[in-house]
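Shown next, in structure tokens, is the structure this report addresses.
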Amino acid sequence: MQFDFAVVGIFLAAAFAIVGLALLLGRLVRPNHPDPVKSSTYECGELPIGSGWFNFNPRFYQLALLFLVFDVEIALTWPVAVVARRWIAEGKGGTAVVEILLFLAILVVALAFLWGRGDLDWVRDIGVLPHEAEAPDAPVVAAPQPPEAP
């Protein structure tokens, strides 16, 4: 048992040593000519405009999380699909089908919930959202008005 842990420890130490050696060797070999132009932000050959620190629309994050949910769904469904033939041969095919269908049903319910709330609508009114309109004491948020031109 201790021998197994020692092998893992030796492997990790060797991995860290190789990575550290590669980084040290790269630092010693590569040229170092600092320049303010080289240190500036690169925007596809164009001059940088404004700061790189700005807020993204939260819908980017919502859609990214939704993508991750379905990406993880594929990652968690794949192992069951791989062993399904063996489970069917062993008489456990029903278990595999029930597991996959239950898992997919939970995800479909979540997708329907998000769709019904309007979270998947890319262009929507800034005012009252569909799920907020049903609430009796939902505060109405007025859309911001653009400033008047002088």
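Scan the range 41-56 residue by residue and report those that are in a loop (DSSP other than H, G, I, E, B) and open to solvent by 100 Å² or more (accessible area, probe 1.4 Å).
If we filter the range 41-56 for residues that are in a loop (DSSP other than H, G, I, E, B), which is where we start, we get 41-42, 44-45, 47-56.
Result: Tyr42, Cys44, Leu47, Ile49, Trp53, Phe54, Asn55, Phe56.
Starting from the range 110-122, take each residue that is outside any loop (DSSP other than H, G, I, E, B) and list its partners that are open to solvent by 60 Å² or more (accessible area, probe 1.4 Å) and of a type in the set (Val, Ile, Thr), counting only C-beta distances under 9 angstrom and pairs at least six apart or across chains.
Cβ pairs passing all conditions: Ala110/Val69; Leu111/Val69.
Could you tell me whether any residue of the range 24-40 is assigned to a helix (DSSP H, G or I), in contact with a Gly (Cβ under 7 Å, 6 or more places away or on another chain) and surrounded by 10 or more Cβ atoms within 10 Å (Cβ to Cβ)? Let's see the steps before the verdict.
As a first pass, look at the range 24-40 and keep what is assigned to a helix (DSSP H, G or I): 24-29, 36-39.
Going one step further and asking which of them are in contact with a Gly (Cβ under 7 Å, 6 or more places away or on another chain), we end up with none.
Within the range 24-40, not a single residue is assigned to a helix (DSSP H, G or I), in contact with a Gly (Cβ under 7 Å, 6 or more places away or on another chain) and surrounded by 10 or more Cβ atoms within 10 Å (Cβ to Cβ).
So, in the range 77-92, of the ones that are exposed (fewer than 12 other Cβ atoms within 10 Å of the Cβ) and in a helix (DSSP H, G or I), which residue ends up nearest to the chain's Cα centre (by Cα)? Step through it out loud before you land on a result.
Kept after step one, since they are exposed (fewer than 12 other Cβ atoms within 10 Å of the Cβ), are these residues of the range 77-92: 78-79, 81-82, 85-86, 89-91.
Among the residues that remain, those that are also in a helix (DSSP H, G or I) are: 78-79, 81-82, 85-86, 89.
Working: Trp78: 19, Pro79: 21, Ala81: 24, Val82: 25, Arg85: 32, Arg86: 33, Ala89: 37 Å.
If we take residues in the range 77-92 being exposed (fewer than 12 other Cβ atoms within 10 Å of the Cβ) and in a helix (DSSP H, G or I), then Trp78 is nearest to the chain's Cα centre (by Cα).
Would you call Arg59 part of a helix (DSSP H, G or I), out of contact with any helix residue (DSSP H, G or I) (no Cβ under 7 Å at 6 or more places or on another chain) and open to solvent by 100 Å² or more (accessible area, probe 1.4 Å)?
On the way: part of a helix (DSSP H, G or I): yes; out of contact with any helix residue (DSSP H, G or I) (no Cβ under 7 Å at 6 or more places or on another chain): yes; open to solvent by 100 Å² or more (accessible area, probe 1.4 Å): no.
So Arg59 fails the test.
The values are calculated or read from the model by the stated rules, or taken from the named source; none is laboratory data. For clarity, every value in this text was computed on a predicted model and none was experimentally measured. Note: ideal-geometry Cβ built from the backbone for every residue, glycine included; neighbour counts use all protein chains shown. These accessible areas exclude ligands, DNA and RNA; they are computed on the full protein's heavy atoms, side chains included. Shrake-Rupley method; radii C 1.70, N 1.55, O 1.52, S 1.80 Å.
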